[in-house]
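Scroll down for the structure; my scribbles are underneath it.
The values are calculated or read from the model by the stated rules, or taken from the named source; none is laboratory data. The structure presented is a predicted model; accordingly, all values stated were derived computationally and were not measured. Using ideal geometry, Cβ is built from the backbone for each residue, glycine included, and neighbour counts are taken over all protein chains shown.
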Amino acid sequence: MRIDGRDVPLINWSEEGFLAGPYAGSLIAGQKATVRIVVRDYHDRIGTLDLELKVTIKRVCNPGIAARFAAPERYKRQALQAHYAAKQAEVKKP
């Protein structure tokens with residue numbers, strides 16, 4: 001994902017927010033920012049999620065930066081929810 005002009009590996013994400021790191025930028029908790037989140041796994045058939053979203057930074061610490069998506073547009077919210085549900089369904093398969 002791209003945060004504060006830098007590529008930062010995505011550690012975990014949900015339809016509500018994300019954790020990415022390591023992060024050594026200038027953002028602080030409570031600050032608003034725009035990020036580009038790309039969720040791509042070359043081994044699954046779900047496809048790539050690639051969105052630019054506004055976020056509110058929740059914390060910056062070890063292991064990285066945590067943020068909550070700040071009222072994304074309807075189509076972006078739907079894309080997040082659909083992709084997250086598909087990833088969860090993949091995880092539950094035997």
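Of all residues in the stretch 34-48, those satisfying the criterion of being under 15 Å from the mean Cα position of the chain (by Cα) and surrounded by fewer than 18 Cβ atoms within 10 Å (Cβ to Cβ) are THR34, ARG36, VAL38, ARG40, ASP41, THR48. From the residues in the stretch 12-33 that are surrounded by 13 or more Cβ atoms within 10 Å (Cβ to Cβ) and modelled with pLDDT under 90, which one is nearest to the chain's Cα centre (by Cα)? Per the criteria, the residue is TRP13. Applying the condition of being touching a Phe, Trp or Tyr at 6+ places or on another chain (Cβ under 9 Å) and crowded, with 16+ Cβ neighbours inside 10 Å to the stretch 57-75 and asking which residue is farthest from LEU19 (Cα to Cα) yields PHE69.
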